[in-house]
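Visitor: Before we start, here is the structure in question, set down as structure tokens.
The values are calculated or read from the model by the stated rules, or taken from the named source; none is laboratory data. Fair warning: this is a prediction, and the values are worked out from it, not measured in the lab. Don't worry about glycine lacking a Cβ; one is built from the backbone with ideal geometry, like all the others, and counts go over all protein chains shown. We work out accessible area using only protein heavy atoms, side chains counted, and drop any ligands, DNA or RNA first. Shrake-Rupley method; radii C 1.70, N 1.55, O 1.52, S 1.80 Å.
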Amino acid sequence: MDLQNYSLVSEFVLHGLCNSQHLQNLFFIFFSGIYVALVLGNLIIVVTVISDPHLYSFPMYFLLGNLSFLDIWLASFATPKMIRDFLSDRKLISFGGCMAQIFFLHFVGGAEMVLLVTMAYDRYVAICKPLHYMTMMNLQTCIRLVSVSWAIGFVPSISQVAFTVNLPYCGPNEVDSFFCDLPLVIKLACVDTYVLGILMISDSGLLSMSCFLLLLISYTVILITVQQQAAGGVSKALSTCSAHIMIVTLFFGPCIFIYVWPFSWFSVDKVLSVFYTIFTPLLNPLIYTLRNKDMKIAMKRLRNQHVTFH
């Protein structure tokens with residue numbers, strides 16, 4: 001018989017971050033400010049990179065612009081609803097909305113993981129092969145690498161949702177988080193989800209671990225290469241890569257914890273989910289870009305052009 005006949009659940013109840021109404025009122029103000037700041041910060045970066053021909057044609061800034069674009073989506077798939085739910089007694093989400101959250105989380109999250117690996121490769125070429133940098137990392141190459149990151153994000157996410165949406169949900173419908181995520185939703189199904197759990201580990205968990213290991217290898221090779229080429233070069237390379245390493249740790253740490261050990265402590269996973277869906281997209285423009293001299297000059301030039309136009 002068709003499993004869909006058993007799917008009596010038409011909506012899910014989200015538990016949110018906490019039960020205290022006082023804390024929820026404070027969180028409403030806090031996360032509203034955080035969300036506005038991260039969207040504006042990343043949007044300014046995207047507009048600046050697109051508007052400035054020099055930045056758009058330079059590989060590092062082209063990749064940073066794409067990272068900011070992904071960060072806006074990563075922060076927006078669940079945060080606006082979470083903020084709205086702080087003022088609601090019952091935090092409901094439709095079945096379709098829940099599946100959409102799962103899809104966009106894994107699609108955008110997977111694409112960002114691969115993009116971070118691409119950015120590490122960009123730093124490797126810039127530091128270790130500076131004379132060949134513009135040849136190896138030309139605009140066409142960057143576009144292809146970004147396209148690959150989107151494709152790698154899309155394929156696992158659509159396969160996971162295709163399995164999840166056809167599971168029978170006939171009873172419990174409470175999700176112990178502020179958004180729908182795969183480990184939390186599939187455990188509500190009325191069948192044994194062991195195989196799907198293994199699929200999730202092989203997709204999201206393997207992607208997280210492989211990208212994280214590639215990033216560690218990339219930065220290690222950078223440091224070793226620079227150390228061999230010039231005395232004192234390690235400190236310069238560390239300065240260049242420290243921001244990248246910080247973001248990588250904040251982003252991949254929670255992902256690996258949640259998706260490699262998917263049925264772990266879900267109360268802890270709430271906190272970890274906040275880090276990689278909200279705080280990492282906020283830190284990216286601050287750490288990667290807004291302290292960058294070229295980006296500041298381009299932003300000032302864009303602002304002056306806007307003022308002159310008006």
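Visitor: Inspect all residues belonging to region 175-182 and state whether any of them is within 21 Å of Met209 (Cβ to Cβ), out of contact with any His (no Cβ under 6 Å at 6 or more places or on another chain) and open to solvent by 30 Å² or more (accessible area, probe 1.4 Å).
Guide: No, because not a single residue in region 175-182 is within 21 Å of Met209 (Cβ to Cβ), out of contact with any His (no Cβ under 6 Å at 6 or more places or on another chain) and open to solvent by 30 Å² or more (accessible area, probe 1.4 Å).
Visitor: Residues Met82, Met99: which one is open to solvent by less than 20 Å² (accessible area, probe 1.4 Å), part of a helix (DSSP H, G or I) and in contact with a Cys (Cβ under 8 Å, 6 or more places away or on another chain)?
Guide: Going through Met82, Met99 in turn, just one is open to solvent by less than 20 Å² (accessible area, probe 1.4 Å), part of a helix (DSSP H, G or I) and in contact with a Cys (Cβ under 8 Å, 6 or more places away or on another chain): Met99.
Visitor: List every residue pair whose Cβ atoms lie under 8 Å apart, where the two residues are 6 or more positions apart in sequence or sit on different chains, the first residue falls within region 192-214 and is under 16 Å from Val114 (Cα atoms), and the second residue, located anywhere, is surrounded by 17 or more Cβ atoms within 10 Å (Cβ to Cβ) and modelled with pLDDT under 75.
Guide: That search, which allows pairs on different chains as well, returns Ser204/Tyr259; Gly205/Tyr259; Gly205/Pro262; Ser208/Tyr259.
Visitor: Sticking with this structure for a sec: Report the residue count in region 103-152 for those that are open to solvent by 60 Å² or more (accessible area, probe 1.4 Å) and in a helix (DSSP H, G or I).
Guide: Selection size over region 103-152: 15.
Visitor: Can you tell which of Leu223, Leu188 is more than 13 Å from Met99 (Cα to Cα), in contact with an Asp or Glu (Cβ under 9 Å, 6 or more places away or on another chain) and either touching a residue at least 12 places away in the same chain (Cβ under 8 Å) or not hydroxyl-bearing (Ser, Thr, Tyr) (or both)? Walk me through it before giving the result.
Guide: Working: Leu223 fails: in contact with an Asp or Glu (Cβ under 9 Å, 6 or more places away or on another chain).
When all the criteria are applied, what remains is Leu188.
Visitor: Check Met246 against each of (1) in a helix (DSSP H, G or I); (2) modelled with pLDDT under 70; (3) loosely packed, with under 15 Cβ neighbours inside 10 Å and name the one condition it does not meet.
Guide: The failed condition is (2).
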